[in-house]
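K.L.:
My structure is below; once you've seen it, I'll send some questions.
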Amino acid sequence: MINKANFVYSKAAAARILEVKPHVIIRFEIWAYICFVQVKGQRPTFISKKVFRQHFVDVRIERSRFLCTAQVNQEHFRVVNPKKNTAYSVYLFEDGLDCECEDYKNQVLIFNGRACCKHNYAVLTWLGYNRLKDYITA
C-alpha cells in the first residue's frame, strides 16, 4: 500500500538523488528527519527528508516538460503524453488544479487533499507559472 513513507521517501528516490542504480543500495531506512542510505562499497550517508520532498516536486516538473497541453475551455485542459499515448483532463480551480491520473489521486490521499502531478505542472507551465503556489497566489 502506498503511504507517505514509501511514496516520497523511497529507495528509488534515494537512487535518483545519489545518481546510482537502485540495486546498489543495500540498506535504506526512514528516520525522523533524515533517511539513512547505504550504497554497496561506500560509507553510509544521510539524506534530509527536505531533499526528498524537493526531489518529489522536481521529478514531476521534469516529467511534465515532455507533455503536450491543449486548452479545451476556460477551466479544462487536456494533457497528452506522446510517448505513452495517454491523455488526462486537468481542471482549474481558484485554490488549485485537479487531475484524473493515479499519481494525483494518491497525492490527494497521502497529503490531505494537496496535490500536483506532472499533468498539473504541464498546465501550470502552459499558463506561465513555475509552481502551484505561484498560481494560487496570483
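The values are calculated or read from the model by the stated rules, or taken from the named source; none is laboratory data. Everything numeric here is computed off the predicted structure, so don't read it as measured data. Using ideal geometry, Cβ is built from the backbone for each residue, glycine included, and neighbour counts are taken over all protein chains shown. We work out accessible area using only protein heavy atoms, side chains counted, and drop any ligands, DNA or RNA first. Shrake-Rupley method; radii C 1.70, N 1.55, O 1.52, S 1.80 Å.
K.L.:
Scan region 58-70 and give yes if some residue there is touching a residue at least 12 places away in the same chain (Cβ under 8 Å), surrounded by 13 or more Cβ atoms within 10 Å (Cβ to Cβ), over 21 Å from LYS133 (Cβ atoms) and small (Gly, Ala, Ser), otherwise no.
P.N.:
no
K.L.:
Another question, if that's okay. Can you tell me which residue is farthest from TYR104 (Cα to Cα) among those in region 8-52 that are within 18 Å of the chain's Cα centre (by Cα) and among the charged types (D, E, K, R)?
P.N.:
If we take residues in region 8-52 being within 18 Å of the chain's Cα centre (by Cα) and among the charged types (D, E, K, R), then GLU19 is farthest from TYR104 (Cα to Cα).
K.L.:
Same structure again: Is it true that PHE28 is open to solvent by 60 Å² or more (accessible area, probe 1.4 Å), part of a strand (DSSP E or B), of a type in the set (Phe, Trp, Tyr) and at pLDDT 95 or above?
P.N.:
Numbers: open to solvent by 60 Å² or more (accessible area, probe 1.4 Å): no; part of a strand (DSSP E or B): yes; of a type in the set (Phe, Trp, Tyr): yes; at pLDDT 95 or above: yes.
It is false that PHE28 is open to solvent by 60 Å² or more (accessible area, probe 1.4 Å), part of a strand (DSSP E or B), of a type in the set (Phe, Trp, Tyr) and at pLDDT 95 or above.
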